[in-house]
Amino acid sequence: MPTTPPDTTLTSTDTLLTGATASAYARTVHRVVDDVAARFAAVDQPWSGASRVELTALVDAVDLDSPGIGTGGALRETADLYATHAVWFHDPAYAAHLNCPVAIPAVGAEAMLAAINTSVDTYDQSTVATLMERRLIAWTTERIGLTAGDGVFTSGGTQSNLHALLAARERALTGPDGVRLTGAARHGLQGRLRILATAASHFSVAKSAMILGLADDAVTSVATDAAGRMDPAALADALAATERAGAVAMAVVATAGTTDRGTVDPLARVAELCDATDTWLHVDAAYGGGLLVSPTRRRLLAGIERARSVTVDFHKTFFQPVSASAVLFRDAADLARTAWHADYLNPVEDAAEVNQVDRSLQTTRRFDALKMWTTLRAIGPDGIGAMVDAVCDLAAAVHADLADDAELRLVCGTDLSTVIFRYQPDGVTDAEADALVPAVRRVLFDSGRASVAKTVIDGRPCLKLTLLNPDVTLDDVRRVLTLVRDAAHGLLAGRELADLAAPPCRDVHPHLARTTTGDPR
């Protein structure tokens with residue numbers, strides 16, 4: 001990998017970024033950028049393939065209590081350790097999780113916000129940054145159809161879902177007079193609150209229920225159809241059963257882009273049921289949020305405008321660096337339910353001040369909205385939407401390519417950019433195909449040559465491609481699938497040899513004499 005000459009500009013006493021060190025900062029960052037750019041250009045597989053034992057040894061070899069080695073030395077050492085062994089999401093053979101290559105204008109904005117180090121919790125710490133985030137939140141709510149809505153940026157979909165369900169809980173624990181319940185009344189009702197979601201919903205829904213102090217059985221599973229989408233009839237039954245049991249449906253969570261299948265629940269039909277029963281509808285569009293700017297697939301989100309809260313992850317299908325997510329609300333009053341005031345930060349008497357700590361679960365918070373703002377100004381929403389369509393189109397092309405494949409069997413369809421499949425040619429049993437899933441994934445990952453994911457669909461282990469790189473071609477994906485086939489062939493061949501009573505590789509080696517029974521060697 002490329003190296004940079006020693007940097008003797010900064011010493012241990014002048015490492016802070018100030019006016020006096022501005023020129024040293026520029027030289028330092030330029031060297032880092034040049035090194036990272038060279039690494040990007042040289043990458044030829046998703047990661048190095050170093051073993052965990054090797055990586056642990058490298059990490060443990062660094063003495064964090066030793067005297068400093070200077071900025072230049074520390075950055076070179078860090079690049080050799082971290083960048084050399086990082087996972088590169090832009091490589092065409094990376095197809096595992098919901099990680100995307102990032103927009104260059106966003107990376108430029110990231111450098112800007114990191115250096116200036118704005119915290120967007122109070123207006124006096126952020127000024128124009130708060131106003132820019134507020135404008136971007138308004139843009140997003142308008143795209144959703146929440147025209148009078150509000151929201152805030154978060155660290156990711158998990159926090160966005162938690163925040164939405166916190167607001168839903170507070171609404172459920174508010175009396176008819178609009179006053180927040182307390183004491184025994186609050187405790188008794190909280191134990192009866194239920195969240196209705198499918199088994200395909202994100203794990204953060206159940207985790208949120210735990211954090212929010214709900215009952216252990218607070219999350220009620222709603223059945224899905226054959227495609228993995230929430231079944232409205234099953235939801236109607238679940239809502240009725242919840243009421244009959246003396247419980248309270250605190251919220252229904254619909255998913256716009258399930259993590260595994262990439263499918264979108266029937267939002268409009270779910271919204272009808274929620275409206276009819278006055279139940280909070282939260283739509284987790286962490287994955288599918290990019291459809292908001294898709295020129296051809298926006299229709300998949302029909303009904304999202306009827307949600308009371310929505311999660312959108314910009315660091316997925318908007319191609320932003322981690323972290324950049326938002327939780328959006330149809331009614332600004334719902335977001336206000338979670339506000340908390342402190343005299344030193346956002347006193348009640350200054351309620352007219354634009355202090356976003358009133359909206360956020362965080363206090364100190366990065367100006368992550370700047371990345372999305374800059375990307376929108378650089379390529380526009382249509383440019384982002386074209387990239388969303390590109391990854392969805394690629395997934396459709398892979399599905400068509402595998403439709404009649406004799407070895408790789410498609411398991412289910414998708415609305416977005418995932419491909420779920422199994423290696424199971426004729427003659428390979430279900431049990432054998434099950435065992436191949438983790439083994440193939442491990443062989444590819446350990447080699448560093450490709451990264452695919454594994455999951456379970458209808459009780460069966462499956463391999464999964466998550467395609468979030470709009471520059472990847474069908475031929476690129478075919479190369480990954482060839483590696484999958486080759487790994488499966490090798491694993492099956494190895495098992496066949498191991499099962500032989502006298503496999504040739506056990507007593508014959510081209511560089512060794514044949515051994516005979518009784519030979520003491």
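The residues neighbouring residue 408, those whose beta-carbon lies less than 13 Å from its own, together hold a net charge of -1 under the Lys/Arg +1, Asp/Glu -1 convention. Taking label positions 7 Å along the Cα-Cβ direction at both residue 364 and residue 298, the computed distance is 4.0 nm, reported to one decimal. Label-to-label distance for residue 69 and residue 340 is 4.1 nm, based on points extended 7 Å past Cα in the beta-carbon direction.
Let me make sure I get this right: for segment 1-146, a, b and c are the square roots of the gyration tensor eigenvalues over alpha carbons, sorted descending. Under 1.5 in a/c it's rounded, otherwise prolate if a/b > b/c, else oblate. Which is it? Cα axes put segment 1-146 in the oblate bin.
Between residue 485 and residue 14, take the C-beta separation as r, use R0 = 51 Å, and let me know the FRET efficiency to the nearest 0.05.
That gives a FRET efficiency of 0.35.
Classify the chain as rounded, prolate or oblate from the Cα gyration tensor: take a ≥ b ≥ c as the square roots of its eigenvalues, call it rounded if a/c is under 1.5, otherwise prolate when a/b beats b/c and oblate if not. Oblate shape, in that a/c is at least 1.5 and b/c is the bigger or equal ratio. The convex hull defined by the C-alpha atoms of segment 444-493 has an orientation-averaged projected area of 4.3 nm². Residue 49 sits among other residues whose Cβ lies under 10 Å from its own Cβ, and their net charge, with Lys and Arg +1 and Asp and Glu -1, is -1.
Binning the C-alpha pair distances of segment 119-259 at 5 Å intervals from 0 yields a P(r) profile of 2, 9, 15, 17, 17, 16, 12, 7, 3, 1, 0 %, listed from the shortest bin outward.
The share of accessible area on segment 1-131 that comes from carbon and sulfur is 63 percent, using a 1.4 angstrom probe. Only lysines eight or more places from residue 464 in sequence, or on another chain, were considered; those with a Cα closer than 23 Å are 316, 454. Taking every alpha-carbon pair under 8 Å whose residues sit at least 6 apart, the chain reaches a relative contact order of 18 percent. Taking a straight line from the alpha carbon of residue 371, these aspartates and glutamates sit under 15 Å away, with near neighbours fewer than eight places off in the same chain left out: 110, 133, 313. Indicate the gyration tensor shape class of segment 244-391 (rounded, prolate or oblate), computed on the Cα atoms with a ≥ b ≥ c the square roots of the eigenvalues: a/c under 1.5 is rounded; otherwise a/b larger than b/c is prolate and the rest oblate. Here segment 244-391 falls in the oblate category. Count Lys and Arg as plus one, Asp and Glu as minus one, and take only other residues whose Cβ is under 10 Å from that of residue 119; the net charge is then +1.
The spacing between segment 331-347 and segment 50-129, judged by their C-alpha centroids, is 33 Å. Along the chain, the exposed loop sites are chymotrypsin sites (Phe, Trp or Tyr not before Pro) outside DSSP states H, G, I, E and B with at most 13 other Cβ atoms within 10 Å, and the longest stretch free of them is 1-339.
The values are calculated or read from the model by the stated rules, or taken from the named source; none is laboratory data. Everything numeric here is computed off the predicted structure, so don't read it as measured data. Backbone-built Cβ (ideal geometry, glycine too); neighbour counts: all protein chains shown. Just the protein is used for accessible areas: all its heavy atoms, side chains included, with ligands, DNA and RNA removed. Shrake-Rupley method; radii C 1.70, N 1.55, O 1.52, S 1.80 Å.
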